[in-house]
Amino acid sequence: MSAPSEQREGILQLADQLRWEVGQGFHEQLMEDLYTDAARLADRAVTRPDVKERFDLDRTIDRLVTSRIWGFPMMILLFMLVFWITISGANVPSAFLSSILIDQLHPILKSAAASIGMSAFLSGLLIDGMYLATAWVVSVMLPPMAIFFPLFTLLEDFGYLPRVAFNLDNIFKKSGAHGKQALSMMMGFGCNAAGVVATRVIDSPRERLIAIITNNFALCNGRWPTQILIATVFIGALVPSYLAGLISALAVVGIAVLGVLLTFLSSWTLSRTVLRGEVSTFSLELPPYRPPRVLQTIYTSMIDRTMYVLWRAVVFAMPAGALIWLCANVTIGDLSIAQHLINFLNPAGILIGLNGVILLAYVVAIPANEIVIPTVLMLTVLVTGMSGQGAGAGVMFNAQSNADLLTLLHAGGWTLLTAINLMLFSLIHNPCSTTIYTIYKETGSLKWTAVAALMPLLLGLTVTFVVAQVWRLFGG
Amino acid sequence: MPNPILALIAFAVLAIVLYVLLAPERGLVWRWREMGRLNERVFIEDTLKHVYKCELNGRAPTIESIAGAVHISADQAAHLVTVMTERELLVLVDDHLKLTPGGVNAALHVIRAHRLWERFLADETGMSESGWHRLADRYEHGRSPEELGELERQLGYPTHDPHGDPIPSSSGQYVPHGGQPLPSMPLNVPLRIVHVEDEPDVIYAQLVAEGLAPGQQIRITSQSPQAIRFWADGDEHVLAPVVAGNISVVVEHAAEVTRAVERLSDLKQGETAVVSGIAPACRGAERRRFLDLGILSGTRVNAEFLSPSGDPMAYRIRETLIALRREQADLIYIRREEAAS
């Protein structure tokens with residue numbers, strides 16, 4: 001009986017002793033040898049067809065797009081082209097969608113609702129609230145995305161985007177980030193939710209979290225119209241009319257550049273503080289160039305990116321539309337809920353150089369940045385009680401002309417400071433709910449979602465506060 | 001509207017208050033939590049470690065040395081020793097404090113916890129070297145043997161911590177690293193680093209900055225009372241003997257000759273070489289990634305082109321273009337091939 005157990009003890013002791021003798025690199029050594037053997041076997045058994053010709057072409061393209069002289073100018077030109085096509089190309093379908101969905105379909109729906117005897121409350125809630133908010137989001141969001149995403153995906157498919165990451169990696173490395181963050185950032189200029197999804201290409205956990213958390217500083221598609229509108233109306237008006245276009249464009253670009261600088265700054269801070277302990281590995285594969293598959297690319301980018309984002313936005317916009325309408329139409333005492341909230345938020349808003357209307361608009365318009373300006377206008381009309389503007393309480397609208405807009409906003413107490421701070425706050429505030437939800441899905445962590453949502457909000461409040469105080473100190 | 005100057009002052013005060021309260025590792029909230037963490041159990045475990053190390057080094061632990069090591073007052077240390085004697089962890093033999101057999105087991109358990117956590121931090125997180133020891137000091141307390149067994153399993157039953165200290169097995173057994181201090185070794189003999197001492201912090205920080213880690217091959221070229229000069233994996237280092245004394249080495253077996261000295265980062269654009277190995281300092285996720293990419297001993301690598309911003313370099317490895325940063329290329333050893341092959 002004792003012999004086998006003695007034997008067993010002996011073997012166990014030997015094993016324990018050998019464990020120390022084989023040394024600490026044992027597991028790694030074994031694994032590396034397995035890999036090396038596998039590679040050697042594969043090298044011996046696999047013959048490769050002659051790929052030299054394409055290989056040379058690839059090398060020529062690589063030399064060109066990563067050249068010291070031509071690399072950066074080509075990159076800048078290419079991306080300017082993509083943005084130009086997106087912005088100018090989206091105007092026509094956007095106006096078309098807006099005239100169909102808002103100018104034509106909305107009155108038809110309203111009269112149809114009236115003819116079947118729907119109560120004013122219900123038709124207001126469903127049509128003025130939920131339908132209009134959704135229509136607004138679709139008409140503003142869909143065309144630029146339907147242009148931007150396929151273009152971007154074509155560049156990706158061709159193999160150019162990894163080279164962009166390669167060219168820019170050194171700059172991102174200095175802020176503790178990954179070169180591929182350049183790509184998710186570019187994608188963020190289209191839509192932050194899509195930008196967050198695009199961080200999947202970053203396989204290093206720490207750098208991926210940095211890219212997710214800072215993506216919001218890429219000025220998205222939903223915020224460009226706000227920036228352009230406010231810059232045109234307030235900043236462009238400061239200079240003679242022949243300079244107005246240039247100056248307002250520069251103001252918008254300045255905001256976008258500020259966003260990029262904030263991306264680097266916050267990446268640098270994050271990688272040195274809260275994200276210090278996350279795993280970091282770098283690797284960047286530069287795949288061979290391929291002729292882009294145009295139709296397939298358009299199809300997949302529409303399905304994977306455009307439709308995904310649009311559907312999320314619609315899901316969030318409908319309840320928000322209802323909420324906005326209810327806010328403006330349900331009264332407590334003499335005032336609507338919206339007016340109560342605006343009165344409550346006004347002191348804080350004024351303190352940071354904005355006002356209660358803007359703050360309330362940013363709270364209720366969390367689902368989509370696209371509806372911030374229409375909501376601001378609707379609420380301003382509600383507060384000032386101006387006649388001849390707007391379409392009634394809770395009904396979002398856009399001003400007929402810039403002059404109308406200026407009159408309305410001046411009546412709402414806007415100054416140049418309000419405009420500048422709105423532009424800053426539009427860049428630096430919490431991401432829209434679609435993006436927040438996407439961040440949660442991608443990180444699976446409430447903690448990082450909270451950081452991604454609150455960090456820019458706090459920063460935005462701080463920046464607008466300081467700008468407002470300094471402005472008042474020196475500018476009166 | 002409030003006066004802007006007052007508003008800015010109020011804001012600055014608020015920011016300072018928040019910083020003082022919430023700053024990581026310096027803020028009051030962090031310190032309060034830290035104080036709450038330090039209970040009697042932690043003190044006892046730290047004392048066990050201290051007494052064990054004293055016995056190992058042939059020094060006699062005293063109330064004063066315990067107070068110093070555990071960061072408590074002498075009165076508290078005296079009380080602690082009484083408590084530990086009652087629990088039969090310590091005994092007083094001829095006026096000397098000694099660990100009982102139970103005390104030795106408990107001490108080995110804490111040391112095992114500390115070294116396993118250091119291994120974990122080094123392999124599975126992105127913490128830098130300077131953070132390992134300090135964090136392991138926090139995580140080592142109050143761990144059950146089952147917890148440590150699970151951690152050990154996850155890490156693949158490591159034998160040594162990242163500094164080269166052996167990790168005691170669950171039955172408390174281990175083999176010391178057996179190295180000698182570097183300055184005591186003869187010149188021009190192939191040596192291998194087996195241990196880099198992580199205390200005190202200042203000296204360890206210097207060794208980390210020099211890139212010295214267990215597993216590296218070393219050869220001393222000259223030695224004087226002021227400085228010791230040596231090669232470690234292809235780089236020359238000059239250290240004060242007191243600093244070099246924190247490195248322990250063994251004589252390398254004659255069969256294994258000092259490794260080739262060139263690194264992938266030395267490869268100029270257009271040049272080709274063959275990988276001869278990955279640096280021992282490259283661990284965990286980073287090492288696995290290299291293996292996944294096929295960067296193995298014997299793999300041919302060609303430096304194809306450099307990013308216009310100066311870093312990274314694109315290398316052709318097994319018919320794939322892979323960009324590696326300079327710090328990564330530093331971790332890969334190469335040897336130049338003869339033109340014929």
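The values are calculated or read from the model by the stated rules, or taken from the named source; none is laboratory data. Because the structure is predicted, anything quoted here is derived from the model rather than measured. A quick note on method: Cβ atoms are made from the backbone with ideal geometry, for glycine too, and the neighbour counts reach across all protein chains shown.
Tabulated data
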quantity	calculated
From A:103, A:56, residue being within 14 Å of chain B (Cβ to nearest Cβ) and either part of a helix (DSSP H, G or I) or closer than 30 Å to residue A:186 by Cβ (or both)	A:56
Answer from B:306, B:264, B:291, B:296 - the residue that is at pLDDT 90 or above and at the interface with chain A (Cβ under 10 Å from one of its Cβ atoms)	B:306
Of residues in segment B:110-149 being assigned to a loop (DSSP other than H, G, I, E, B) and over 15 Å from residue B:53 (Cβ atoms), the one farthest from the other protein chains (Cβ to nearest Cβ)	B:144
Residue among B:16, B:5, B:9, B:72 that is under 21 Å from residue B:110 (Cβ atoms) and either of a type in the set (A, V, I, L, M, F, W, C) or loosely packed, with under 12 Cβ neighbours inside 10 Å (or both)	B:72
Selected residue (criterion: nearest to the other protein chains (Cβ to nearest Cβ)) from residues of segment A:259-282 that are surrounded by fewer than 16 Cβ atoms within 10 Å (Cβ to Cβ) and free of Cβ contacts under 8 Å to residues at least 40 places away in the same chain	A:277
Selection status of residue B:273, modelled with pLDDT under 85 and either more than 8 Å from every other protein chain (Cβ to nearest Cβ) or more than 23 Å from residue B:193 (Cβ to Cβ) (or both)	no
Those helices (runs of 4 or more DSSP H) lying entirely in segment B:1-96 with at least 2 residues within 14 Å of chain A (Cβ to nearest Cβ)	B:4-22
Pick from segment A:7-43, criterion in a loop (DSSP other than H, G, I, E, B) and more than 7 Å from chain B (Cβ to nearest Cβ), ranking: modelled with the highest pLDDT	A:22
Top-ranked residue of segment B:151-193 - restricted to ones that are in a helix (DSSP H, G or I) and surrounded by fewer than 20 Cβ atoms within 10 Å (Cβ to Cβ), ranked as farthest from the other protein chains (Cβ to nearest Cβ)	B:183
Listing of helices (runs of 4 or more DSSP H) fully contained in segment A:107-187 that carry 2 or more residues being surrounded by 20 or more Cβ atoms within 10 Å (Cβ to Cβ) and among the small types (Gly, Ala, Ser)	A:132-158
Answer from A:360, A:382 - the residue that is in contact with a strand residue (DSSP E or B) (Cβ under 9 Å, 6 or more places away or on another chain) and not β-branched (Val, Ile, Thr)	A:382
Some residue of segment A:455-468 being under 26 Å from residue B:14 (Cβ atoms), touching a residue at least 12 places away in the same chain (Cβ under 8 Å), hydroxyl-bearing (Ser, Thr, Tyr) and assigned to a helix (DSSP H, G or I)	yes
Failed criterion for residue B:301 (all others in (1) surrounded by 17 or more Cβ atoms within 10 Å (Cβ to Cβ); (2) more than 7 Å from chain A (Cβ to nearest Cβ); (3) under 25 Å from the mean Cα position of the chain (by Cα) hold)	(3)
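Residues are listed down the side, and each one gets a yes or a no for (1) within 21 Å of residue A:63 (Cβ to Cβ); (2) part of a loop (DSSP other than H, G, I, E, B):
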residue: B:276; (1), (2): no, no
residue: B:289; (1), (2): no, no
residue: B:294; (1), (2): no, yes
residue: B:308; (1), (2): yes, yes
residue: B:315; (1), (2): yes, no
residue: B:321; (1), (2): yes, no
residue: B:334; (1), (2): no, no
